[in-house]
Amino acid sequence: MDVFGLLGNPVGHSLSPPMHETAYDELGLEARYVTFEPEPDDIGAAITGADALEIAGLNVTIPFKQAALEHVEPDELAARIGAVNTIDFSGSGPPTGHNTDAVGALRSLRNHGVTIEGARAVVVGAGGAGRAIAFGLADAGATVTVANRTESKARDLAAAVPDATGRGLEDLEPLLADADVLVNATSVGMEEDASPVPADALHGDLAVLDAVYQPLETRLLRDAAAVGATTVDGAWMLLYQGVEAFELWTGLDAPVEAMNETLRAQL
Ligand code: ATR
């Protein structure tokens, strides 16, 4: 029996256990996916303990993604992003740290027919999610502009991402006029029916990914659909970060459709 799990605090409402356990059922794997809620100061002990207990793999979420980096051997992308959301304990050496949020965003967009290579992409938000997505898009060949409420944070992030630029939210309208891809990596739209992007800055040639998945149809995605843009909801990102983690841990192709069905049934 392989044990996988999620480290976070809180993790009570996580959608990952049913999503991953659907994959195990589908492929006939003897495995379980459980949630762990260590105290914020105990992340190092939690990872060392998981290694000793021969846990096969862990996802990592808020507030541990950055701190987990110190307790694993990060791959190159996770090191550049500065955050880990997937730990693999299968090797003989120290646990390795990965960041599947970046690839999750790329796979979500590609699954909707969006070409990243050569695209002009605007990422709204410069927190953890914005960071992962900006690196992912740039690595896949997009030219990235980070737009953030606090412009200095956008500039700091852009300085680390190849060929990226950092701007304030007031520049969104001209930026989007020339853009192919827009990603909301802020929490705006989760608590209230609000959008971080003025509706009239959107146009039909955009592909719009919203990392917010509760609600699934955010104000931003409604506004984007109204002008004929391609819309990609946050459940796709959640799905594909999980798919990537599953594939990294097991070396198998994930049963994406079954995982997607389970995930969406919970939302
Ligand atoms: P996460 O790790 O999930 O990305 P975070 O690090 O707290 O979360 O980052 C939240 C992001 O959402 C930031 O880019 C934040 O902008 P600031 O850097 O200016 O704080 C952005 N954000 C949060 N609330 C916002 C709001 N009401 N309007 C615009 N941006 C907002």
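The values are calculated or read from the model by the stated rules, or taken from the named source; none is laboratory data. These figures come from a predicted structure and were not determined experimentally. Neighbour counts run over all protein chains shown; Cβ positions are idealised from the backbone, glycine included. Just the protein is used for accessible areas: all its heavy atoms, side chains included, with ligands, DNA and RNA removed. Shrake-Rupley method; radii C 1.70, N 1.55, O 1.52, S 1.80 Å.
Could you identify the single residue in ALA229, ALA245 that is over 18 Å from the mean Cα position of the chain (by Cα), open to solvent by less than 30 Å² (accessible area, probe 1.4 Å) and in contact (Cβ under 8 Å) with a residue 12 or more places away in the chain?
Testing whether each residue is over 18 Å from the mean Cα position of the chain (by Cα), open to solvent by less than 30 Å² (accessible area, probe 1.4 Å) and in contact (Cβ under 8 Å) with a residue 12 or more places away in the chain leaves just ALA229.
Is it true that some residue in the range 247-263 is in contact with a strand residue (DSSP E or B) (Cβ under 9 Å, 6 or more places away or on another chain) and of a type in the set (A, V, I, L, M)?
Yes, that holds for at least one residue.
Could you grab the pairs with beta carbons closer than 7 Å, sequence gap of 6+ or different chains, first residue in the range 177-195 and loosely packed, with under 13 Cβ neighbours inside 10 Å, second one assigned to a loop (DSSP other than H, G, I, E, B) and among the hydrophobic types (A, V, I, L, M, F, W, C)?
These pairs meet every condition: ALA194/VAL188.
Please determine whether any residue of the range 6-13 is open to solvent by less than 40 Å² (accessible area, probe 1.4 Å), over 25 Å from ASP253 (Cα atoms) and either in contact with a strand residue (DSSP E or B) (Cβ under 6 Å, 6 or more places away or on another chain) or of a type in the set (D, E, K, R) (or both).
yes
Quick one: which of ALA67, ALA83, ALA78, ALA45 is away from the ligand (no atom under 16 Å from the Cβ) and not charged (D, E, K, R)? Before the answer, list the steps.
Details: ALA67 fails: away from the ligand (no atom under 16 Å from the Cβ); ALA83 fails: away from the ligand (no atom under 16 Å from the Cβ); ALA78 fails: away from the ligand (no atom under 16 Å from the Cβ).
After applying the criteria, what remains is ALA45.
Show me the strands (runs of 3 or more DSSP E) found entirely inside the range 170-246 where at least 3 residues are more than 12 Å from the ligand (Cβ to nearest atom).
207-210, 230-232
Would you please name the residue that is nearest to the chain's Cα centre (by Cα), looking only at residues in the range 126-154 that are in a loop (DSSP other than H, G, I, E, B) and either more than 14 Å from the ligand (Cβ to nearest atom) or within 17 Å of ASP75 (Cα to Cα) (or both)?
ALA140
In the range 154-176, how many are open to solvent by 80 Å² or more (accessible area, probe 1.4 Å) and among the aliphatic types (A, V, I, L, M)?
Counting residues in the range 154-176 that are open to solvent by 80 Å² or more (accessible area, probe 1.4 Å) and among the aliphatic types (A, V, I, L, M) gives 1.
Show the residue pairs that are 6+ apart or on different chains and have beta-carbon atoms under 8 Å apart, the first residue being within the range 6-31 and over 19 Å from THR86 (Cβ atoms), the second being of a type in the set (A, V, I, L, M) and open to solvent by 40 Å² or more (accessible area, probe 1.4 Å).
Close Cβ pairs (under 8 Å, with a partner that is of a type in the set (A, V, I, L, M) and open to solvent by 40 Å² or more (accessible area, probe 1.4 Å)) amount to GLU30/MET1.
Picking from ASP200, ASP193, ASP205, which residue would you name as being closer than 21 Å to ILE116 by Cβ and of a type in the set (D, E, K, R)? Step through it out loud before you land on a result.
Working: ASP200 fails: closer than 21 Å to ILE116 by Cβ; ASP193 fails: closer than 21 Å to ILE116 by Cβ.
Residue meeting the stated conditions: ASP205.
I'm told ASP223 meets every condition in (1) under 19 Å from the mean Cα position of the chain (by Cα); (2) open to solvent by 10 Å² or more (accessible area, probe 1.4 Å) except one. Can you identify the failing condition by its number?
Condition (1) is where ASP223 drops out.
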